[in-house]
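No value in this document is a laboratory result; all are computed from the given coordinates. A quick note: this is a predicted structure, and the numbers were derived from the prediction, not measured. Neighbour counts are summed over all protein chains in view; Cβ atoms, including those assigned to glycine, are modelled from backbone coordinates with ideal geometry.
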Amino acid sequence: MIRVATFNVRHGLAEGAEVPDPAATATVAAALGADVLALQELDVDVDRSGWTDQLALVRDAIPGAEARFARTVSVGGGEYGIGLVVRGTTSDLEDLELAGRGEPRRAIVARVAPAPGPDGSARPPCTVAATHLQNDRRVARTQLVDLLELLDDRPGPTVLLGDLNLPPFVVEGVCSELAWDAIATPATFPARSPRVQIDWVLTRGFELVAVVVPDVRVSDHRPVVAELRPTGDPRVPSSS
């Protein structure tokens, strides 16, 4: 079994706050206990968040973790983008630029060998993608289709994590068409009083063991945390 999570951290700025708190954000992110953690809206050496490397703060709070950053834009003297944090090792890393107008969007794709489980047993590798899609629904839908089709060329089982900026009826429709599983959760945005799920865990070749949306308030999103078990057939969605 593997524990995965996705969290849009909004550069550590909670709803209603005037100043980001990167240390608090890193503590909350690490406490999710994920083997694989996708992060969105990270600042690295940006003035508004105190020139901190927010991805490094999270990585350093998780023993044995390694991390990968993908810049989407330059801002405030530094970089802003997405990250992937893994308890284990990564290989076959790709930093993909997603087509579409508006703010540039990227995806990090990697083969992940998770660290041994709590009992010391080895866990099988999987393919992981982390992303943050465009906030124009039509563009985001196209980016999602393109990314899922690209992942067809990667060995399974496979999980896509991220802020997709898409509601359930769009994500579930795309997943149905392309033979993926979309994990429905309680609403994730906005954090104080969530109204819609736009943060997602999508899988192929995994079955869902458990999922939770923790009530944390260090961002304007709530994270999604899921425990997954490989089905043994990475090309067949777990619901079939």
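At 7 Å along Cα-to-Cβ for each site, give me the label-to-label distance between E94 and F169 in nm.
Distance between the two pseudo-spin positions: 3.2 nm.
Could you work out how much longer the chain between S193 and V211 gets when fully extended? Use 0.36 nm per residue separation minus the Cα distance between them, nm to one decimal.
Values: separation 18, 0.36 × 18 = 6.48 nm, distance 1.92 nm.
So the chain would gain 4.6 nm between S193 and V211.
Assign one of three labels to the range 30-101, namely rounded, prolate or oblate, based on the Cα gyration tensor with a ≥ b ≥ c the square roots of its eigenvalues; rounded applies when a/c is under 1.5, prolate when it is not and a/b is larger than b/c, and oblate otherwise.
Working: a/c = 2.30, a/b = 1.22, b/c = 1.88.
Cα axes put the range 30-101 in the oblate bin.
Take the alpha carbon gyration tensor of the range 2-230, find the square roots of its eigenvalues, order them as a ≥ b ≥ c, and report rounded if a/c is under 1.5; if not, report prolate when a/b exceeds b/c, else oblate. List each step's numbers first, then the result.
Numbers: a/c = 1.36, a/b = 1.14, b/c = 1.19.
Rounded shape, in that the Cα axes give a/c under 1.5.
Between V85, V225, V209, where does the largest GNM mean-square fluctuation fall for the chain, given springs only between Cα atoms within less than 10 Å?
Maximum among the listed residues: V209.
Quick one: what are the phi-derived ³J(HN,Hα) couplings along the range 57-67, Karplus 6.51/-1.76/1.60 with θ = phi - 60°, whole Hz, x for glycine and proline?
Listing the rounded values in order: 4, 5, 4, 5, 7, 10, x, x, 8, 10, 9 Hz.
Given the options R48, R105, R87, state which has the largest fluctuation in a GNM of the chain using a 10 Å cut-off (strictly under) for Cα springs.
R48
Taking square-rooted eigenvalues a ≥ b ≥ c of the alpha carbon gyration tensor, is the range 1-120 rounded, prolate or oblate, where a/c under 1.5 means rounded and, failing that, a/b exceeding b/c means prolate? Please list the in-between numbers first.
On the way: a/c = 2.14, a/b = 1.29, b/c = 1.65.
Note, shape of the range 1-120 comes out oblate.
Using +1 on the beta carbon of Lys and Arg, -1 on that of Asp and Glu, and nothing else charged, what's the dipole of the chain about the Cα centre, debye to 20?
Values: 23 positive and 33 negative charges, 67 e Å.
Dipole size: approximately 320 debye.
Would you order W51, W180 from fewest to most other beta-carbon atoms within 10 Å of each residue's own beta-carbon?
Exposure proxy ranking, most exposed first: W51, W180.
As I understand it, the dipole of the chain uses +1 on the Cβ of Lys and Arg and -1 on the Cβ of Asp and Glu, about the Cα centre. Which of I108, P214, V9 lies farthest toward its positive end?
Result: P214.
Per residue of the range 194-210, what does 6.51 cos²θ - 1.76 cosθ + 1.60 with θ = phi - 60° give for ³J(HN,Hα)? Whole Hz please, x for Gly and Pro, Karplus curve as stated.
With coefficients 6.51, -1.76 and 1.60, one gets x, 10, 8, 8, 10, 9, 9, 10, 10, 9, 9, x, 10, 10, 7, 9, 7 Hz.
Once you put a point 7 Å from the Cα of R111 and another 7 Å from the Cα of R123, both along the Cβ direction, what distance in nm separates them?
Here the modelled spin labels are 1.9 nm apart.
Just to check I understand the Karplus step: with θ = phi - 60° and J = 6.51 cos²θ - 1.76 cosθ + 1.60, what whole-Hz values come out for the range 134-143, glycine and proline as x?
Coupling constants for the range 134-143: 4, 8, 8, 4, 5, 5, 4, 4, 4, 4 Hz.
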